[in-house]
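The values are calculated or read from the model by the stated rules, or taken from the named source; none is laboratory data. These numbers were taken from a predicted model, which means no experiment stands behind them. A quick note on method: Cβ atoms are made from the backbone with ideal geometry, for glycine too, and the neighbour counts reach across all protein chains shown. For accessibility, only protein heavy atoms count, side chains too; no ligands or nucleic acids. Shrake-Rupley method; radii C 1.70, N 1.55, O 1.52, S 1.80 Å.
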Amino acid sequence: MMKICLLLLFSFLYPSDEALLTIEKRSYSIHDFFSRYPKKQWERADSLQKERLFDDFINRELCVLEARRLGFQNHPEISVKIYNRSLQILVNESYEHFVAMPLVPTEDIVLARNNAKREVFVSHILIGYFESRLGQPPQRTLDDALVLSLQIKNDFNGGTDFAVLAEKHSDDPGVKRNFGEIGWIGWGSTVPAFQSSAFSLGLGDLSSPVLSAFGYHLILVSDERASAFQDMDGAAYENLIINIAKNSIRDQLRPAAIEYDQRMIEEHGLVFNMEAVNAISKSYVRYQKEEGAVSEGGSSSFLETIGSPMLVCVYNKRGFGPKWFARRLDRTPSSRQPVLETEEAIITTFKTLVLQDIAVKKGFLSGVDSSFSCLRKVEEMVSGLLYDAYLKHLVDLVSKPDSSLVKDYYMVNKNEKYLEEEKIAIREIRVSSRSLGDSLLLLIGSGQNFSSLVQQYSSVGIDGGDIEGPFTRSQKTKSFDAAALLKEGG
């Protein structure tokens, strides 16, 4: 309980960027804590759950620090994972920097910076129309929806209670339950038009009609409070602002990335040798048949087997062969490596590897690798690897228990932990009369095949599903009791 009080005390008395706690001269802020346990999860937790969350945070960090002290990050297997995953993070961050960022309007960044430190409590009245994205849109035109919205706004300004107007007019499916209340929203959590209106309103003011894909919204802001980012400053806050601002352009990213990739291919002069690509395709099919090893070692292992010199492609005026692609594919687990049976699959795979190589080089040259976002993601990735490695280290330290100890533990705990209710499985022929059932019993006793009788006479199980169970006595009492009197196969 003392730890809970300590956390709450710090979160109220100290700015969020300052230390929440310090372990071996390493400081952790409230935002470090909330990056692992979302603030909403913390707010919903009771006192015991909060204590467990805080203890888990501390214990995890202690494990990571101990793993670093023991030099786990230098272990060859872990070091290779860190290197490969760091490059993948850099690829992703490069695309964020070179593709996403140019799409974000400067005014969106300014608005996010000015509004991200507060939240507003919002209610709305939704007036739909027949083409809106509601499950059951009303039969009114867009113009009619606007006229009704303006009328409702006039009624509100004339003194009519908002909840009354919402219950009477709103097409929001949840209005009967919440009377129009949406709750607390932060900047970036709703569509741009809605949030721009909501964050510009004074308390108690009703907005003019705001159009979205669902219809016209009349927005009421009834309260305001500081957000979780109130005391965040510096690089961490700017990184947050950029991520919030990007939300408005997410639907533009895929076409922009495709265009960017094509431009990179042209700028770097990527050309494939189709004779080599065709030879790789044929070799891959033969390799699968003869070796059966692709599923174990992946496509990278196959490419390593190509002994004869082969120019696969040229880019940046340099030639590259199968082993260059093998080394880059090897950064991906073999189970996730693509098959290389067709020329199209080979071109797609190799083109992706070249584009990733370009992204890594541009990332280093432009300093993306040292940006706050990239460094933070690499740190989180390394922390996760070291934590998992340290837990495995602890398990390996435990001596293997003697078989007699395992048996004794089972005997002591079997009734509480390991035993379930007795279960029975049966095969059934279900018929409509007792006389037919008696006749079938005689046929089975004389050696007739059970399954063939199911097909001919049973009203259930005729598709081969005549086996029922296993089930307990509490689930099917009569069937269980009857079957319990029989021996297996009886």
**Request:** Project the alpha carbons of region 404-490 onto their principal axes and report the range along each, largest first, in whole Å.
**Result:** 54, 25, 25
**Message:** Return the equivalent ellipsoid semi-axes of region 224-322 as a descending list in whole Å, where each equals the square root of 5 times an eigenvalue of the C-alpha gyration tensor.
**Reply:** 46, 20, 13
**Asked** If you take the Cα Rg of region 24-63 and divide it by 2.2 N^0.38 Å, with N the number of residues, what do you get?
**Response** 1.17
**Item:** Accessible area in the full protein assembly, largest first, 1.4 Å probe, for K153, K476
**Value:** K476, K153
**Asked** So for the pair R44, V339, with labels modelled 7 Å out along Cα→Cβ, what separation do we get in nm?
**Response** 4.2 nm
**Asked** How big is the chain by Rg and Dmax over its Cα atoms, in Å?
**Response** 32.9, 91
**Prompt:** Scaled to the compact-protein estimate 2.2 N^0.38 Å, what is the alpha-carbon radius of gyration of region 299-340, rounded to two decimal places?
**Reply:** 1.19
**Largest-first ordering by accessible area, 1.4 Å probe, given options T106, T477** = T106, T477
**Item:** Computed magnitude of the charge dipole of the chain (debye, nearest 20; Cβ of K, R +1, Cβ of D, E -1)
**Value:** 920 debye
**Prompt:** With all protein chains present and a 1.4 Å probe, how do L311, L405 order by accessible area, largest first?
**Reply:** L405, L311
**Request:** Please name which of S474, S29, L386 has its Cα lying farthest along the dipole of the chain towards the positive end, using unit charges on Cβ (Lys, Arg +1; Asp, Glu -1) and the Cα centre as origin.
**Result:** L386
**Request:** Using the charge dipole of the chain (Lys, Arg: +1 at Cβ; Asp, Glu: -1 at Cβ; taken about the Cα centre), state which of G234, V99, Y410 has its Cα farthest towards the positive end.
**Result:** Y410
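Full extension from D396 to K423: what is 0.36 nm times the residue separation minus their Cα-Cα distance, to one decimal in nm?
Values: separation 27, 0.36 × 27 = 9.72 nm, distance 3.72 nm.
Net length gain for the segment: 6.0 nm.
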**Total charge dipole magnitude, region 43-147, about the Cα centre, Cβ charges on Lys, Arg, Asp, Glu only, Debye to nearest 20** = 300 debye
**Message:** Give me the percent of accessible area attributable to carbon and sulfur for the chain, probe 1.4 angstrom.
**Reply:** 53 percent
**Fill in**
Cα gyration tensor of region 360-446 diagonalised, 5x eigenvalues square-rooted, in angstrom largest first, produces semi-axes 63, 30, 11
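Can you compute the helix-only [θ] at 222 nm over the chain? Use -39500 (n - 2.57) per DSSP H run of at least 4 residues, normalise by all residues, nearest 500 deg cm²/dmol. Working shown, then result.
Working: 21 runs with 266 residues, N = 490.
After summing the helix terms and dividing by the residues of the chain, the value is -17000 deg cm²/dmol.
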**Message:** Please report the equivalent ellipsoid semi-axes of region 285-369, computed as sqrt(5 x eigenvalue) of the Cα gyration tensor, largest first, in whole Å.
**Reply:** 25, 15, 11
**Pairwise Cα inverse-distance average, inverted: Kirkwood Rh of region 224-273 (Å)** = 14.2 Å
**Prompt:** Per 10 Å bin, what percent of the C-alpha pairs of region 107-183 does each bin hold, from zero upward?
**Reply:** 18, 37, 28, 17, 0
**Message:** What figure, in Å² to the nearest 10, do you get for the accessible area of S149 with a 1.4 Å probe and non-protein molecules left out?
**Reply:** 0 Å²
**Request:** Hey, could you get me the Stokes-Einstein D for region 83-130, Kirkwood radius over alpha-carbon pairs, 4 °C and 1.567 mPa s, rounded to whole µm² s⁻¹?
**Result:** 88 µm²/s
**Message:** Over the Cα atoms of region 70-226, what radius of gyration and what Dmax do you get, in Å?
**Reply:** 22.3, 74
**Asked** For the pair E24 and T477, how long in nm is the line joining their label points, each one 7 Å along Cα→Cβ?
**Response** 6.2 nm
**Asked** Quick one: Cα centre-to-centre distance for region 205-263 and region 49-98, in angstrom?
**Response** 29 Å
**Prompt:** Counting pairs of alpha carbon atoms under 8 Å apart in space and at least six apart in sequence, what relative contact order in percent does the chain give?
**Reply:** 15 percent
**Where Rh is the Kirkwood radius over Cα pairs, Rg/Rh for region 285-432** = 1.23
**Request:** Let me know the whole percent of all Cα-Cα pairs from region 156-195 that are separated by more than 14 Å.
**Result:** 56 percent
**Message:** Restricting to Cα atoms and excluding each atom paired with itself, what does the Kirkwood estimate give for region 150-300 in Å?
**Reply:** 21.3 Å
